[in-house]
Amino acid sequence: MDKDFEKKYDLELDRIVAEIKKKNAKLVLLQFPDGLKPYAISVVDYLENRTNAEFLIWLGSCYGACDTPILGKELDKKIDLVIQFGHSGMMPAFTE
């Protein structure tokens with residue numbers, strides 16, 4: 001994962017790893033706001049290296065917590081966990 005990205009944003013990836021393991025999730029859907037979508041593959045790589053889960057990346061719009069993906073009955077049944085990354089906690093940390 002890009003070191004500059006890790007310094008700017010705290011995505012709580014270790015917390016996500018713990019939740020995936022706790023729920024024994026096998027298929028996890030990740031939803032990102034547009035500004036974080038360029039980092040989606042890096043996040044998936046990080047999570048794949050620490051869990052046994054498979055990941056889907058939602059590429060549709062994301063305008064807040066109420067904007068959850070509608071995938072269809074069959075896929076909804078297969079997804080064990082949805083992780084939604086939000087905007088408000090994603091403000092860069094500015095240090096002097």
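Figure legend. Inter-residue proximity from the stretch 37-49: first residues under 16 Å from Arg15 (Cα atoms), second residues at pLDDT 95 or above and of a type outside the set (A, V, I, L, M), beta-carbon distance below 9 Å, spacing 6+ or different chains. Indicated pairs: Val43/Phe55; Val44/Phe55; Leu47/Phe55; Glu48/Glu54; Glu48/Phe55. Go through the stretch 15-32 and give me each residue that's surrounded by fewer than 17 Cβ atoms within 10 Å (Cβ to Cβ) and touching a residue at least 24 places away in the same chain (Cβ under 8 Å). Passing the criteria: Val17, Glu19, Lys21, Lys23, Asn24, Lys26, Leu27. Out of all the residues in the stretch 17-51, which are part of a helix (DSSP H, G or I), of a type in the set (A, V, I, L, M, F, W, C) and in contact with a Ser or Thr (Cβ under 9 Å, 6 or more places away or on another chain)? Hits for the stretch 17-51 are Val17, Ile20.
The values are calculated or read from the model by the stated rules, or taken from the named source; none is laboratory data. Because the structure is a prediction, the values reported are computed rather than measured. Note that we place each Cβ from the backbone using ideal geometry, even for glycine, and neighbour counts take in every protein chain shown.
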